[in-house]
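Structure record follows, encoded as structure tokens.
Each value in this text was obtained by applying a stated rule to the coordinates, not by laboratory testing. This is a predicted model, so every value here is computed, not measured. Glycine also receives a Cβ, built like all others from the backbone with ideal geometry; neighbour counts cover every protein chain displayed.
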Amino acid sequence: MAELAAHVGGEVLGDGARPIHGVRTLEEAGPEQLSFYGNPRYRRAFEASRAGAVLVPPGTPPREGTSLVVVPLPHLAFARLSQLFHPAPRHTPGVSPRAHVHPGALVHPGATVMSGATVERGARVGNRSVLHPGVYLGEEAAVGEDCVLYPNVTVREHCTLGDRVILHSGCVVGADGFGFAFDPEGPAHVKVPQAGTVRIEDDVEIGACSCVDRATVGETVVGRGTKIDNLVQVAHNVRVGPLSIVCAQAGISGSAEIGTGVVLAGQVGVVGHIRVGDLAKVGAQSGVAHDVEDGAVVSGSPAVAHKEWLRNSAALGGLADLVREVRALRRRVEMLEKEGTP
Amino acid sequence: MAELAAHVGGEVLGDGARPIHGVRTLEEAGPEQLSFYGNPRYRRAFEASRAGAVLVPPGTPPREGTSLVVVPLPHLAFARLSQLFHPAPRHTPGVSPRAHVHPGALVHPGATVMSGATVERGARVGNRSVLHPGVYLGEEAAVGEDCVLYPNVTVREHCTLGDRVILHSGCVVGADGFGFAFDPEGPAHVKVPQAGTVRIEDDVEIGACSCVDRATVGETVVGRGTKIDNLVQVAHNVRVGPLSIVCAQAGISGSAEIGTGVVLAGQVGVVGHIRVGDLAKVGAQSGVAHDVEDGAVVSGSPAVAHKEWLRNSAALGGLADLVREVRALRRRVEMLEKEGTP
Amino acid sequence: MAELAAHVGGEVLGDGARPIHGVRTLEEAGPEQLSFYGNPRYRRAFEASRAGAVLVPPGTPPREGTSLVVVPLPHLAFARLSQLFHPAPRHTPGVSPRAHVHPGALVHPGATVMSGATVERGARVGNRSVLHPGVYLGEEAAVGEDCVLYPNVTVREHCTLGDRVILHSGCVVGADGFGFAFDPEGPAHVKVPQAGTVRIEDDVEIGACSCVDRATVGETVVGRGTKIDNLVQVAHNVRVGPLSIVCAQAGISGSAEIGTGVVLAGQVGVVGHIRVGDLAKVGAQSGVAHDVEDGAVVSGSPAVAHKEWLRNSAALGGLADLVREVRALRRRVEMLEKEGTP
């Protein structure tokens, strides 16, 4: 236990010799497991927990029978210790004889390409990266080092991934953007070639069945360290800044720019050609139709300042009452008007 | 026809000897086909139908030229008869020489593993289950009996499916949940290992491109007999109770609990760590931000009681008028105030 | 440059001999590249552009240093010229020895079936069509001429594609529709067999991870020239008319009918069994719960006429103020009432 505490620079309150063999939630942890308590909202779970050790913030009083490990950020320390207990699986390097690798592809000898994966002409795969079965890597596409492409991921031609990128199953990088010009004489929607690419920077993770479309010309970019959840749509020529969080089923329309450290909650929609500023937060199911300033918190469809949305939502809840109130007032005013008439 | 009626325990009104060779909608059925009429909303289609036989509820008057089969639940009887006319296709058991099956996998001799499917070490496939091309079954994952995994389905390591489970193409079971802890000194979003699994119980069906993420620790669970439509997101540690219905593009956030027999309509969002009670119904596009009681019917974003939502929606439609009304009242009050002044 | 202008029937203002080697946006184009300017909204980008040539609408004044090509529809002309610069890649015809093609399939000798693609018994693939790795084409399914099925596309049994159809990666055509009948005695949701098919007509393009479900009986249809973006749900028995546009993450419920030339913006939901009329436009995130007339423009959830939605949205923004106003009025009326009392 003492080494675990040392690993995250924590101070132990209580028994530092206790054997710890895993991490769990406060509810599930037993005497040989470690958990974390970072949010007062979960105080009851903390108090009821049977965990042998708990990561806690400074100021937490010591506790009978539980070793506390005091750290400034318990959730972060938990993430690091959980990584110790769950190291990434190691894969034997090499190309499966049942993979489909073009002789003109460049696969690092330290990389793993499994059966049923495809690597096209001119594509590159970096050291220690893993392509699971059913992965497709198009011509001249590039995967950096230490990447994981889970089964049935598609990365189309010329798109590039940095290092330590994780793409979950069903994720599609580089499908054509949605661009057409209407020909009234066809009539027909004429395809605008989507001749650009996608650049996924280092440390990005993209969820299952999420789509990042290639640019019309130029690049669609997902910046360093940004994390994207499942079933998210990132349209052509979008630029998502570094360190942003995009939750499940959100959609970002063409040429929109998402700043640094932005949070888009679940099912959010962002229209095209606007900018969501650095550190902005957008509430679940919101529809962002205009630029959002740096640091702003917005909600609703169309999205407005979160405080205003709360006020409007509350007022909306009382709207039927308000209608009745106005009707009653009108009657009283009519009475007064009649009285006033001599 | 008489055997069909007997199969569903129905009583025939009219010709019981009529030959019936298929099932169709009321609009499409001809004299040798059977349809059903269960909802008075479709009375006109029923009256105009050329169907040779129609499943109807008790109390339906007999009809010239059409054999009626009286059953308590016409739609249910239709489902059973349609199953007679459309039996599940039989696949030759065995592992294709072009499948990628690890020698340490356990495939029942009665199962079918098609070309291009992958079964990893320690994975198990039960009797009569079918893995179509492009299916991926990870290490130690388990598929019960009589399951169908359509082309390009992914089931990641250690996840388990019960019996008679159907997963449609592009469905992903067991991708990592979306969990990160922010390290302000990186700055970086540090991955919280998603070390849990997914358990899909018996008789569950999950639609195309739907995602059920593995738990952080413990299990994400989809309960017995629940049916999930396409493009649905089920986040880590969610528990969906038995016999629920989740319509297309709905999303359920982490650790939410969906009860028994719940209906989530299309594009619904449910926030994390809340409970939607047994038999609750949530209207399309609603955003559920708080616990929903057993049996409640809610709508709107944020969701409120359906009746209240209807009232507020109606009031919202008249809001511009209300604004005008209040402005007029203010003028009248001003007039009265002036008059009152001596 | 003169040939480019001739190709789109444009008139050159300025130097017609300038060499042009590519197309770009106004921002990115340099002296040897062509761009377009069709919308006054981008006038500043046009004025600042370093492009050697720009497609412009009639009436645009000539410009020093830039060759203008006057055409009635600059965006359309740009699409056609971009197609010249980015011709579709040619693939060597033939079936890869590492594809899984059933001997009873009919693959045209001019078609390309790549490694890891599957073509089942009785399926047909037309001349010049390309099936990328991981594509699945089910029994008796048919692909017309000049189609492109990108990696990991699934087309289930008996579904048909016309000519020049493009399906992007992860797209699923013909998964079972979502149909169940509840059996209270199980209790269980009993599957209604989805025995119909999907028909995708000529010149349709469908985005990554979009799903078009097979009909319960009969057909689900996507009409000629319609373009569907990523992550879209098209349920069983839907009929989408020709030349419509369905943006990302929209969902169309069972048996709905979408007319000709309709536009559904992103994240729209359409309930089942209704009709959206020809040339109707539905705003982003709207929920369409009733028939929409031909040519109507609707927004909101539930959707109303767009103008009404704008008015209500504006009024909603002032709702908190309105509540205050009514409260103030009530006090003034109370005062007046007291005064009136002798």
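Across chain A, counting alpha-carbon atoms alone, Rg and Dmax equal 27.0, 104 Å. D by Stokes-Einstein for the protein assembly as shown, Kirkwood Rh over Cα pairs, 25 °C, 0.890 mPa s: 80 µm²/s. Neighbouring Cβ atoms from other chains, within 10 Å of the Cβ of residues in A:284-292, number 4 on average.
In this assembly of identical copies, the label point of C:Pro62 (Cα plus 7 Å along Cα-to-Cβ) is separated from its counterparts by 9.1, 9.1 nm, sorted shortest first. Note on chain A: GNM, Cα springs under 10 Å; of A:Val270, A:Val23, A:Val240, the largest mean-square fluctuation is that of A:Val23. DSSP beta bridges confined to the protein assembly as shown are antiparallel in about 10 percent of cases.
Just report the Cα centroid separation between segment B:82-107 and segment A:75-95, whole Å. About 35 Å separates the Cα centre of segment B:82-107 from the one of segment A:75-95. Restricting segment B:1-75 to GluC sites (Glu not before Pro) that sit in a DSSP loop and have at most 10 other Cβ atoms within 10 Å of their own Cβ leaves B:Glu64.
Shown is the FRET efficiency for A:Asp291 and A:Asn39, computed with R0 = 22 Å from the Cβ-Cβ distance and rounded to the nearest 0.05: 0.10. Of the residues A:Thr25, A:Ile166, A:His108, the one whose Cα sits farthest toward the positive end of the charge dipole of chain A, with +1 on the Cβ of Lys and Arg and -1 on the Cβ of Asp and Glu, is A:Thr25. Across peptide B:307-319, the mean count of Cβ atoms from other chains lying within 10 Å of each residue's own Cβ comes to 6. Each Lys and Arg Cβ is given +1 and each Asp and Glu Cβ -1; about its Cα centre, segment C:52-150 then shows a dipole of about 200 debye. Too long at a 25 Å Cα-Cα cut-off: which of B:Lys227/B:Lys307; A:Lys227/C:Lys281; A:Lys191/A:Lys227; A:Lys338/C:Lys338? Too far apart for the 25 Å limit: B:Lys227/B:Lys307; A:Lys227/C:Lys281; A:Lys191/A:Lys227.
The residues neighbouring C:Arg311, those whose beta-carbon lies less than 12 Å from its own, together hold a net charge of 0 under the Lys/Arg +1, Asp/Glu -1 convention. Summary of packing: across the peptides B:227-235, C:155-163, the per-residue average of other C-beta atoms within 10 Å ranks them, highest first, as B:227-235, C:155-163. Taking the centroid of alpha carbons for each part, segment B:204-267 and segment B:279-342 are 32 Å apart. The mean sequence distance of close C-alpha pairs (under 8 Å, at least 6 residues apart), as a share of the length of chain B, puts its relative contact order at 6 percent. Relative contact order for segment C:87-215: 17 percent, from Cα pairs under 8 Å spaced at least 6 residues apart, divided by residue count. Taken one residue at a time, the phi angles of segment A:231-239 give Karplus couplings (6.51, -1.76, 1.60, θ = phi - 60°) of 6, 9, 10, 10, 7, 5, 6, 5, 10 Hz. Gly and Pro are set to x. Note on chain A: with a GNM built from Cα contacts shorter than 10 Å, the maximum mean-square fluctuation among A:Tyr37, A:Tyr150, A:Tyr136 falls on A:Tyr37.
Inter-copy label distances at A:Glu339, using a point 7 Å along Cα-to-Cβ, come to 1.1, 1.1 nm with the shortest given first. For chain C, a Gaussian network of Cα nodes joined below 10 Å ranks C:Ala105, C:Ala296, C:Ala79 by mean-square fluctuation, and the top entry is C:Ala79. With label points set 7 Å from Cα along Cα→Cβ, the inter-copy distances at A:Gly272 are 3.3, 3.3 nm, sorted shortest first.
Extending 7 Å from the Cα toward the beta-carbon at both A:Glu3 and A:His86 defines two label points whose distance is 2.1 nm. Take each residue of peptide C:136-149, count the partner chain Cβ atoms within 10 Å of its Cβ, and average: the result is 1.
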